[in-house]
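Have a look at the structure below before the remarks.
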Amino acid sequence: MSFLEYLKNNRARVILFLTSFSVILITLGIIQTLLFESINFFSELAESRGWFTFDWDLAGITSGTGIAAAIFLLVYIAELLITKFTIEQETKLDIILFPKQFVIYIAAALLVVQFFVLDTLLMGVAFVFVFITWRRLASAVNKQRYGMQLSDSTLWRNISLGFFLIALAKSITMNYGGALGEFFLTTNWNPALKPVSFGVNSLLLTTLQVAFGALIIAVPLGVGCAIYLSEYAPPRLVAVVKPTLELLAGIPSVVYGFFAFIYIGPLVVELGEYFYANGWIDEPPNVLNPINGAIVVGVMILPLIASMSEDALRAVPNELREGSLALGATKIETTFKVMIQASLSGIIASIILALSRAVGETMAVTLAVGTVAVFTANMFLPAQTMTAYIAQRVGGDLPFGEIGYLTIFAVGLYLFVITLTLNLIGNRVLAAYREAY
Amino acid sequence: MSEEAQTEEIPDSTRDLEIDDEKELMIEDLDLWYGDKQALYGVSLPIAKNSVTALIGPSGCGKSTLLRMMNRMNDLIPICHYDGKISMGDVEITGKDADLVEIRKKIGMVFQRPNPFPKSIYDNVGYGVKLHFKPTREELDAIVEKSLKRAALWKEVADRQHELGTSLSGGQQQRLCIARTIAIEPDVILMDEPCSALDPIATAAIEELILELKKDFTVVIVTHSMSQAARVSDYTGFMYLGRLVEFDKTEKIFSDPDNELTKRYITGRFG
Amino acid sequence: MKDIDNLQKRSRKLRDFAETMGSSGLAFTGLVGLLFLAILVWQITAPTFIDGESGEIPAANEFITESDYEMEWDYPNTDSNGALTTDAIVLEISWDGGDEVHELQINIISERDIYEDVYINESGLSTNIVEIGRKTKFHLYSSLTEVVLVIQNSGPVPSADETGKPLVSSFVIEYDIAVVYDGGLVFEPLEIIAYATLIFLVIIYRAPKSNILEFMHKLVGKERMVLAIFYALALVTTIAGGLSVPSTLAALCWILAARMMSALIKGIERMLHSGRKLSEVSRLKHSISNRDGLLMWSSMLLVTSTLFIPLEIYIPFLTERYQDIFSPYSSGIRAAFYGTIWVMLIAMISSVPISVGAAIYLEEYAKPTKTTKLIQALVTNLAGVPSIVFGMFGLAIFVKQGGIGWGLGPSILAAGLTMGVMAMPIIVLASQEALRSVPRSLRESAYGVGCTQWQVTKDHVLPSAMPGIMTGSILAMSRIMGEAAPLVVVGATAMIVFDPEPLAGLFGGNVNFTVIPIQIYFWTSEPDPAWHAMAAAASISLIALLVAMNSIAIVLRQHFRRRLN
């Protein structure tokens, strides 16, 4: 059946597959966008600082990374060719593939020596690639010739890929080291006024303050709510509280932001005034502050934690509960010693996912926390989270391609990586939990 | 008696089974696995035309699997794979490039629990017809009426054809499913314990219907009730642990079975 | 022996105490959510009261004179090489009335063009940054009647005037009627009766009482008359109330009450017809048709009434566009409303078919290959990606020109597509859930009559999963309706004085647009408290819209369920 015929007979399947394939395209699009512009940001930053000037069109080909990439490709193609075609007869290639043993020893020795002779590590690694490819080809041909099955082992490919990644990382840190260092290690974020500086840690600190502050509020309340709903509450109350939680989850974040700005902010200021009067903090409090944001984000993620934890608790088989009660444990002992332990990983998954939600929360935080990037432990002063920085920075038409525009992608990539990691962990834990019950 | 010992008593079922009547389906040496677990071991079986063939056996013996294999319903289970041959005339059902739609059109199926579509009675019966024959409105009306009459349901639903199929009683629903199946004029009707979810009166109606259907169709029925098999079938196959133990005329099986296991089963000593 | 008894008694007491404390503590935490919600609703509505009650809002038709000083600098923030300058423009402002001299320093801190509004009043200055085209403009506004003197001390020379002096002009601005004011609970008698009737009927529906039903029984056969009376009352209420919001809502109450009455009467008739007695009231619940839908709508109406009536929402708020920065009370959310609708429509059209297709593929067609697993994992994790990241995706793909950018500009089309991408994983997950819950037997029976896989999916699986899919889609839509972050990135602006054009990105035209959450965001960022009241009003409108969407989802689900069973 030809390909066209297949298409014709399976139109529905092909179209549906394409629709689901768009998910991959979207993900690739997101990653491509963020990564591409972030690299631009770092190279532009490094360039404006005068740390390096990198001429891609010439140096890119001759650089170690280029060679590494080329040789990696070679390994891959060679492996493909060998698994596809058989080289049974002896050919002229054999002189190269199977030299006398001492030649191999000499080559290996040279390999070691060149690390001391060549002044770049990358070139050294590239020669290691050459050596590996050479021996790989030889052993593959050998195997074919003596009738052995070619194993599916991808060990060699993995090793060379590992070398390639190391080389890439090395070249990135060589070229972008300064920019990366400034971005990830310094604490002053000032992208607008000269002298500019890009230390993302001040944004990160506020983000974490808000996210963990929100967890401190939402975890006890949310988990408590879940326990109460699944173990204690009369059905009539559940019928009221559950829709309420859904309603809380459905309220737009910008409305929460307004709520924080109008209502929570002044309350926090009163608390701050008390702190200030006692000399616990140095500066008078402001209406916009991370505590304000933490409270409002806490309220926002409360329904998420509550409903997911409740699902986890409900998934615990009834036998466990009954078994514990049959032993004479009280309801509260059963709840805390059996139910919570049994559903612990489900609850933890909900907390991780809620943390990711809190880190990614934008509008409420922008309105509640403020727009001044500072690195301070005083949580009563205006600060700025990563999301808030992006929202504030793009609030209008930015000239594309300039460093101010590129910063948001670097921050966005960092944010994306953090939330994606949290989501991956959370979903993995959740899947394991679902499998357990 | 241990299971191994019982298995030893099962004769090699790959032997040639001959029947006098014309053959509709021929199953040859069928092995089937669910993942690593083998569910059928070398089953060979002829199905006679215009007759009722019953498959009996204890739960989990593979009779439903065998039945679902006859119109490749097992393909819906991803982990299922098989080896062997089922043929219908010169059409090979188990062939790699077999047209599943054509096979299922020729070999209809009625399921354990009545499962009418959530549509009207009329649409339930007419759906398959519309799909395969693209009839005009009048033709469709005629086909629906004929099928409902053949399924002995016409008298009960003639004036409410446009009510939901799910609003009928269990027995009526099952007869509706049969009407739906015979509307597309299959050659074979497979029935997977069609009466297990029904009360005795509905069961009697279905059994009567099966005897009626025999005139036009070949019926293969899986049942866990031996009395039902004795009542409706012409041929009976007894299956045990994925093997076909014995296959013969129903009278022979229920009066004088060759195999010791069969004898013990039909006299109710195990299973 | 006695000691052990005592010990046991004491430990039991302790245990009981712990039991009570524990459960009541948990109950307390469970109810905190409710409390938060109550505070939220109260506080959102609170700012809308404050102004009206304290009487700070100027009465209608009161004129306030303002002076407007306008200066323009052409590209003052770049020098001849195009590099950024950080020269401060220092303006000195003084007026006759005050004995103090205000000095204002404005730093050009951004490479962007800035439009700076500076307000001057007796108490001092406040600033607000908004944006405008390719020129940097400073507007000085004063609410003083005196002439304000502006002297520029340093910075680039303004281009507005050849002599280097700023252009001075003056104009008059009119304050409009307050959008939200506390009119108290003003009810017409008919309206009160309408609400009372509706509440009464809701209670009857929830817990039927036999003696009341006996009274209703007398109305059997007179349904048309009852309906006519109620509809007439609805008409009278609307006309008598002068088409105001409360009267319209009350008229809706009458109409719903009429429907409920007729459903009740029919139910009673049917019950008696089938030989039941009225005392068997629990039976009634099953015999009344459309019970859930009616109850839903009526309770929704009551809730929205309690929200809207005390606020006396001024209708122009819903029908007016944004006016300008001085007249909060005559601005409205018309443009934002249209923007929201268009963005949602485009998001829906672009994402629902693709998402449902993807869900069908993953649930019905896909074999468990690596690709399938990858797609599944991606869907699950995309659903958790922060919305602002989707905004940046939209900015790079849909808004930007060049590279992989489509160059739609900051338009409704780009915003809709971005929102569609954001909604996709949510819809896919919900649809998968719905498809998974379709029973196996249905698929088998369809295969049994010889359907192809596509026919099984199209004719049987999809219709059965439809309620779930629709509910999921509408919920996803309601989620993106409240989402502002991606649109901030895509480039929605708040100051829109025209109705947005949905296809402007493709065919040219003015691409600017706004949506309700964006309005709330920008209005909250304004320093003037009057705008906060506007933000509150917009919040309430948004929540009302969301509640309406969710109700539609619930009603649809009920409808389909009834049809299927």
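The values are calculated or read from the model by the stated rules, or taken from the named source; none is laboratory data. This is a predicted model, so every value here is computed, not measured. Glycine also receives a Cβ, built like all others from the backbone with ideal geometry; neighbour counts cover every protein chain displayed.
Assorted remarks:
- Residues of region B:97-132 that turn out to be part of a helix (DSSP H, G or I) and either crowded, with 20+ Cβ neighbours inside 10 Å or within 11 Å of another protein chain (Cβ to nearest Cβ) (or both), as a count: 18
- Residues within region A:311-338 that are closer than 23 Å to A:G426 by Cα and more than 10 Å from chain C (Cβ to nearest Cβ), tallied: 8
- In region A:357-388, the qualifying residues are those that are among the hydroxyl-bearing types (S, T, Y) and out of contact with any Ser or Thr (no Cβ under 6 Å at 6 or more places or on another chain), and the one that is nearest to the other protein chains (Cβ to nearest Cβ) is A:T366.
- Matching residues in region C:226-269 - criterion: being assigned to a helix (DSSP H, G or I) and over 18 Å from C:L201 (Cα atoms): C:A232, C:L235, C:V236, C:T237, C:T238, C:I239, C:A240, C:V245, C:P246, C:S247, C:T248
- Residue list for region C:497-524, restricted to those being in a loop (DSSP other than H, G, I, E, B) and within 21 Å of A:T371 (Cβ to Cβ): C:T514
- For A:L248, the conditions (1) within 7 Å of chain C (Cβ to nearest Cβ); (2) over 21 Å from A:L313 (Cβ atoms) are fulfilled apart from (2).
- The listed residues are A:A436, A:A354, and the only one of them that is more than 10 Å from chain C (Cβ to nearest Cβ), crowded, with 23+ Cβ neighbours inside 10 Å and over 17 Å from A:P290 (Cα atoms) turns out to be A:A354.
- Candidates C:V343, C:V385: the one that is on the phi < 0 side of the Ramachandran plot and either among the basic types (K, R) or surrounded by fewer than 24 Cβ atoms within 10 Å (Cβ to Cβ) (or both) is C:V385.
- Restricting attention to region B:213-242, the residues that are outside any helix (DSSP H, G or I) and surrounded by 21 or more Cβ atoms within 10 Å (Cβ to Cβ) total 15.
- The set of residues from region C:212-225 being in contact with a Leu (Cβ under 9 Å, 6 or more places away or on another chain) and either outside the structural domain of C:R259 (by TED's automatic domain parsing) or part of a helix (DSSP H, G or I) (or both) comprises C:L213, C:E214, C:M216, C:H217, C:M225.
- With respect to (1) farther than 28 Å from C:K400 by Cα; (2) without any contact (Cβ under 8 Å) to a residue 40 or more places away in the chain; (3) among the charged types (D, E, K, R), the lone exception for A:E402 is condition (1).
- Annotation: B:R68 fulfils all but one of (1) within 11 Å of another protein chain (Cβ to nearest Cβ); (2) assigned to a loop (DSSP other than H, G, I, E, B); (3) farther than 15 Å from C:V456 by Cβ; the unmet one is (2).
- Selection within region C:375-394 - of a type in the set (A, V, I, L, M, F, W, C), facing chain A (nearest Cβ under 7 Å) and in a helix (DSSP H, G or I): C:I375, C:L378, C:V379, C:L382, C:I388, C:V389, C:M392, C:F393
- Residue in region C:535-565 that is farthest from C:M495 (Cα to Cα), counting only those that are modelled with pLDDT of 70 or more and among the polar types (S, T, N, Q): C:S551
- Taken over region A:401-416, the residue count meeting the criterion of being at pLDDT 80 or above and facing chain C (nearest Cβ under 7 Å) is 5.
- Any hit, region B:73-96, residues being within 14 Å of another protein chain (Cβ to nearest Cβ), hydrophobic (A, V, I, L, M, F, W, C) and assigned to a helix (DSSP H, G or I): yes
- A residue that is at pLDDT below 75, of a type in the set (F, W, Y) and under 34 Å from the mean Cα position of the chain (by Cα) cannot be found anywhere in region C:241-256.
- Residue check for A:V255: at the interface with chain C (Cβ under 7 Å from one of its Cβ atoms), under 19 Å from A:A312 (Cα atoms) and not in a loop (DSSP other than H, G, I, E, B): no
- Of the helices (runs of 4 or more DSSP H) contained entirely in region C:402-496, those carrying at least 1 residues that are within 14 Å of chain A (Cβ to nearest Cβ) and on the phi < 0 side of the Ramachandran plot fall at C:412-436, C:453-456, C:462-481, C:485-490.
- Per the conditions (1) over 28 Å from A:N427 (Cα atoms); (2) crowded, with 19+ Cβ neighbours inside 10 Å; (3) within 14 Å of chain C (Cβ to nearest Cβ), the sole criterion not satisfied by A:M300 is (1).
- Of the residues in region A:300-312, none is part of a helix (DSSP H, G or I), assigned by TED's automatic domain parsing to the domain that holds A:V255 and without any contact (Cβ under 8 Å) to a residue 12 or more places away in the chain.
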